[in-house]
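This report refers to the structure that appears directly beneath it.
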Amino acid sequence: MGTNEETIGALRGHLLPNYQPAPVVLTRGRGCRVEDVEGRSYLDMCAGIAVVSLGHSHPKLVAAIAEQAGRLMHTSNLYWNDKQLALGEELTRRTFGTRAFFCNSGAEANEALLKLARKWHHLHGRVERREIVCMDGSFHGRTMGAVSMTGQPKYHVGMEPLVPGIRHVPFGDLEALRAVVGPTTAAVLVEPVQGEGGVTVPPPGYLAGIRALCDERGALLFLDEVQTGIGRTGTFLAHEQLDVTPDAVSLAKGIAGGFPMGAMVCSEKLADGLPFGSHATTFGGNPLACAAALATLRILDDEKILENVRTVGAHLGARLEELASKHADLCEGARGLGLLRGVSLRAHVDARAMLMAAQGQGVLLSIAGGRVLRFSPPLVVTREEIDEGVALLDRTLSAPPAHAIKDAAE
Ligand SMILES: Cc1ncc(COP(=O)(O)O)c(C=O)c1O
């Protein structure tokens, strides 16, 4: 294999240009480090956008995947498989839910929520309850249902017509929600912390207020925990620390430690919502993905990883606060929960240029909400690795590239 530039130059023409990856070709990883084809190592504070929860190539996860690959990879849902059954039990034991549906991504998990909401009300004779209320700034995925629920118009342009019966209200504004939730509402869908929208934590009491409103008006409450779930914020699901219990959640990202998987988990009240034949996906709940998820959950317990998220996450929060006030000319502040955090840049700073400069210093981050440099490291990250990542960003902010500072006159 050639250099990063040679490899990209020779092969990028075979792919659609819908992504704009950083100009490095990653080829291996271990723990919180990844390496490119030139042998350069990076500290990975992105973790595949909050996915690689156990770090790269955790030996026990690798072994579990290899073992299952050699035993049985796929059966379809025409047959039971032992791993899907075990994972259903394992996930419902850990959550408010009693039933699980498995799929392959976060978008698909949200599609399942959308269909569940409508079908469940329909089956119970409330055919007028069709509407899904979502939040401005939210992100729920890119399939048509999920992107229609996503509250960011830039993802809708040219994709219309969107799925009808979906409306948006400002995030964090209970009064706005009160004005629209009514007899035609099937469900309210909200992220406990908006991830892609900019690592935005809602005001205290907001989710509990939505719960009370949904109960009062007969609507379901769904949480999108694709990004916040599976330990990312310090509890298994984020809602556990936010004083609210949903009727259903969507999960994906970290659920199988990096192996592609999504899930929807709901309470017993909704167990009849998707009856036989109403919803399906060929790969959903395949034994290989389920074995990866089972191993991930076991390792989370064995290595007490949630405790790590709480202590190291608090440390990251404190370090980012310090960093933001040290560079107050460039940063507005720090925000987030657990190991999902970010530094918000001021409007005159070009986030992509800063991201690239940080990468040049050797740390991988991601951008959320256009202006937030997001840290979503593996959940096994140490204080020392956090300190290293923050120091590399500090170095970047101390000497920002000239093109990262937009002309005030622009
Ligand atoms: C909160 C949330 N929901 C849904 C999705 C979509 O997940 P996927 O890209 O796996 O379809 C994402 C992805 O970033 C997300 O952050």
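The values are calculated or read from the model by the stated rules, or taken from the named source; none is laboratory data. Bear in mind the structure is a predicted one, so any value in this text is a computation, not a measurement. Every residue, glycine among them, receives a Cβ derived from its backbone with ideal geometry; neighbour counts consider all protein chains shown. Note: accessible area is taken over every heavy atom of the protein model, side chains too, but ligands, DNA and RNA are not part of it. Shrake-Rupley method; radii C 1.70, N 1.55, O 1.52, S 1.80 Å.
Here are a few things to note about the model shown:
- Hits in the stretch 182-223 - residues which are within 27 Å of residue 379 (Cβ to Cβ), touching a residue at least 60 places away in the same chain (Cβ under 8 Å) and in contact with a Phe, Trp or Tyr (Cβ under 8 Å, 6 or more places away or on another chain): 189, 194, 195, 196, 197, 200
- Among the residues making up the stretch 130-154, those that are more than 10 Å from the ligand (Cβ to nearest atom) and open to solvent by less than 50 Å² (accessible area, probe 1.4 Å) are 131, 132, 133, 134, 135, 137, 145, 148, 151, 152.
- Residues being outside any loop (DSSP other than H, G, I, E, B) and surrounded by fewer than 18 Cβ atoms within 10 Å (Cβ to Cβ) - total across the stretch 68-103: 9
- So residue 165, is it of a type in the set (Gly, Ala, Ser), under 21 Å from residue 122 (Cβ atoms) and open to solvent by 10 Å² or more (accessible area, probe 1.4 Å): yes
- Sole exception among (1) more than 30 Å from residue 154 (Cβ to Cβ); (2) touching a Ser or Thr at 6+ places or on another chain (Cβ under 7 Å); (3) of a type outside the set (A, V, I, L, M) for residue 138, by number: (1)
- Lone qualifier among 317, 277, 285 - being in contact with a strand residue (DSSP E or B) (Cβ under 7 Å, 6 or more places away or on another chain) and assigned to a loop (DSSP other than H, G, I, E, B): 285
- Selection within the stretch 232-264: residues that are surrounded by fewer than 24 Cβ atoms within 10 Å (Cβ to Cβ) and assigned to a loop (DSSP other than H, G, I, E, B). The member of this set that is nearest to the ligand (Cβ to nearest atom) is 260.
- Set 113, 123: member being within 16 Å of the ligand (Cβ to nearest atom), within 18 Å of residue 279 (Cβ to Cβ) and assigned by TED's automatic domain parsing to the domain that holds residue 265: 113
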